[in-house]
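Read through the structure below, which is laid out as structure tokens, and then see the notes.
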Amino acid sequence: MIDVITKFLNLYDLDVRKSHDARFMDQKCTPDVVCFIADCLINLNPQEEFTVQDVWDMQYFIKNASAIFGKPSPKNETARHEYDKFIQQPLRMLAYAHILDIAKRGNVNYYRIANLDILDYIATKERNAYNFLYVYITKVLSDSGILKYFEAFKNACIKGSVSQHDYIELKERYTRFIIGNTAINGAVEVARIFTKVINVYSAENDIQGTEKGRLSKDIIVFSDLMYNRKNWRDVDKAKSQTRQEAATGEEIRQQEAYDAYQVSKAMNLLRKIQVDSEVRDQYANGEATQVHHIFPKSQFPEIAHYLENLIKLTATQHYTKAHPNNHTQLINKDYQLVCLLAKSQMIEQSLKTIGDKYYRKESFIFVLNVGLHTELSQSLSFADIRKQIRLLYNAA
């Protein structure tokens with residue numbers, strides 16, 4: 001999909017010097033927010049025109065926005081300004097990228113989905129949204145003639161010679177560029193947007209970025225980019241405490257809501273993309289109505305939302321084979337092996353057919369390493385993965 005996104009964006013000139021639009025990126029355009037808003041759009045009627053208000057009024061948005069991001073209810077009128085930006089900024093960014101069409105009538109922006117394939121990819125998982133943002137941001141910076149300054153900063157980081165001066169110089173160049181070519185005239189506002197630009201670039205290149213307005217001490221990683229996640233490096237906890245123990249009740253509630261949303265979204269996605277049972281055995285006759293966690297959600301919550309850990313089954317397969325005698329708390333290890341082998345073939349075929357839109361081999365190996373308490377190499381082929389799976393189960 002990276003190649004698909006790159007080819008699509010290359011159809012357009014995204015030069016800010018020509019568009020004079022600073023909203024190609026904004027504060028709320030983080031991978032988790034962009035992914036969530038894209039998911040909401042997929043759940044709207046893809047053929048119809050929509051506005052910020054239409055997204056706001058969605059029951060899907062109302063149910064999940066507050067629970068996931070710890071915000072007041074969208075029904076609360078006092079939260080209107082905050083939610084306006086929360087929805088509008090990703091929409092404006094997606095419109096600049098031509099993923100959405102935009103038309104202004106009066107004071108209202110009207111949107112329509114222009115590239116459903118890429119939008120669906122963005123909506124599938126936060127990692128996909130991040131992949132899109134990196135390709136998109138790099139394209140905007142390149143078209144605008146300022147990518148070279150980010151590359152110089154990257155080279156200084158790689159050499160180990162980067163300094164606060166290098167960071168300030170890059171930030172000031174970016175600030176002058178935005179103020180000189182757009183309607184934004186304040187350095188403070190530019191700085192907020194600069195953070196979202198440089199840190200995506202930094203995370204993908206494994207270099208330092210910005211933290212609290214200064215050069216970060218550490219390399220920026222994917223989790224640092226999220227809108228509403230606590231940076232565990234900053235948690236004030238005793239060394240004897242686990243992260244879970246250090247979290248507040250509200251943080252735990254919010255994390256549980258987020259986890260539930262991610263699992264539900266993954267299960268709904270599998271129902272959409274997979275019609276028949278993925279295990280072609282004597283029990284595969286009939287409609288595949290069941291989405292089964294190969295490694296149980298209760299035992300392995302960290303991989304419960306991975307599409308690579310979900311498999312479509314018939315009711316007979318689910319309740320008589322995967323869960324012996326309909327005991328949903330039990331797992332038939334022999335059938336778990338069957339499911340893993342079948343899933344590996346489905347993932348391999350999907351990657352060959354449509355690329356990494358839905359599945360990643362790396363994610364499947366991560367699921368296996370967690371579920372089987374092993375350390376399989378990311379370099380294994382699918383044939384080698386299946387061989388290792390059989391060896392692990394035969395040795396158990």
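The values are calculated or read from the model by the stated rules, or taken from the named source; none is laboratory data. Note that the structure is a prediction, hence the values are computed from the model and not measured. Reconstructed Cβ throughout: ideal geometry from the backbone, glycine too, with neighbour counts over all protein chains shown. The area values use the complete protein model at the heavy-atom level, side chains included, leaving out ligands, DNA and RNA. Shrake-Rupley method; radii C 1.70, N 1.55, O 1.52, S 1.80 Å.
Quick check on my filter: what residues within region 320-334 are in contact with a Ser or Thr (Cβ under 8 Å, 6 or more places away or on another chain) and either in contact (Cβ under 8 Å) with a residue 40 or more places away in the chain or assigned to a helix (DSSP H, G or I) (or both)? If the condition is that a residue be in contact with a Ser or Thr (Cβ under 8 Å, 6 or more places away or on another chain) and either in contact (Cβ under 8 Å) with a residue 40 or more places away in the chain or assigned to a helix (DSSP H, G or I) (or both), then N326 is the only one that fits. Here T289 meets the list (1) in contact with a His (Cβ under 8 Å, 6 or more places away or on another chain); (2) open to solvent by 60 Å² or more (accessible area, probe 1.4 Å) almost entirely, failing just condition (1). Can you name the residue in region 106-148 that is part of a helix (DSSP H, G or I) and small (G, A, S) and is also most open to solvent (accessible area, probe 1.4 Å) among such residues? Among residues in region 106-148 that are part of a helix (DSSP H, G or I) and small (G, A, S), the one most open to solvent (accessible area, probe 1.4 Å) is S142.
Give region 149-181 a look and list any residue that's surrounded by fewer than 16 Cβ atoms within 10 Å (Cβ to Cβ) and more than 23 Å from M93 (Cβ to Cβ), or say none. Hits for region 149-181 are A152, N155, I158, K159, G160, S161, S163, Q164, H165, I168, E169, E172. Looking only at region 335-357, decide whether some residue is assigned to a loop (DSSP other than H, G, I, E, B), surrounded by fewer than 21 Cβ atoms within 10 Å (Cβ to Cβ) and either at pLDDT 95 or above or among the hydroxyl-bearing types (S, T, Y) (or both). Checking region 335-357: not a single residue is assigned to a loop (DSSP other than H, G, I, E, B), surrounded by fewer than 21 Cβ atoms within 10 Å (Cβ to Cβ) and either at pLDDT 95 or above or among the hydroxyl-bearing types (S, T, Y) (or both). Could you tell me which residue of region 51-104 is farthest from N10 (Cα to Cα), considering only residues that are modelled with pLDDT under 80 and basic (K, R)? My answer is K75.
Scanning region 258-301 for residues that are of a type in the set (V, I, T), within 20 Å of T328 (Cβ to Cβ) and part of a loop (DSSP other than H, G, I, E, B) gives V279, T289, I294.
Condition (residue is part of a loop (DSSP other than H, G, I, E, B), under 26 Å from T51 (Cα atoms) and β-branched (V, I, T)) applied to region 186-193: is it met by at least one residue?
no
For region 362-374, the criterion of a residue being of a type in the set (V, I, T), closer than 23 Å to Q274 by Cα and modelled with pLDDT of 95 or more is satisfied by at least one position.
Kindly provide the set of residues from region 358-396 that are in a helix (DSSP H, G or I), free of Cβ contacts under 8 Å to residues at least 40 places away in the same chain, more than 19 Å from the chain's Cα centre (by Cα) and loosely packed, with under 15 Cβ neighbours inside 10 Å, ordered by number.
A383, D384, K387, L391, N394, A395 - these are the residues of region 358-396 that are in a helix (DSSP H, G or I), free of Cβ contacts under 8 Å to residues at least 40 places away in the same chain, more than 19 Å from the chain's Cα centre (by Cα) and loosely packed, with under 15 Cβ neighbours inside 10 Å.
Yes or no: K212 farther than 16 Å from L133 by Cβ, modelled with pLDDT of 95 or more, over 20 Å from the mean Cα position of the chain (by Cα) and charged (D, E, K, R)? Considered against the rule, which asks whether it is farther than 16 Å from L133 by Cβ, modelled with pLDDT of 95 or more, over 20 Å from the mean Cα position of the chain (by Cα) and charged (D, E, K, R), K212 comes out as no. Considering each residue of region 184-202, count those that are over 19 Å from the mean Cα position of the chain (by Cα), open to solvent by 10 Å² or more (accessible area, probe 1.4 Å) and not acidic (D, E), and give that number. The total comes to 7.
Being open to solvent by less than 40 Å² (accessible area, probe 1.4 Å) and either outside any helix (DSSP H, G or I) or closer than 27 Å to V263 by Cβ (or both) narrows it down to one of Y12, Y60, Y83, so name that one. So that I can check it myself, show each step before the final result.
Values: Y12 fails: open to solvent by less than 40 Å² (accessible area, probe 1.4 Å); Y60 fails: open to solvent by less than 40 Å² (accessible area, probe 1.4 Å).
Of the residues listed, the single one that is open to solvent by less than 40 Å² (accessible area, probe 1.4 Å) and either outside any helix (DSSP H, G or I) or closer than 27 Å to V263 by Cβ (or both) is Y83.
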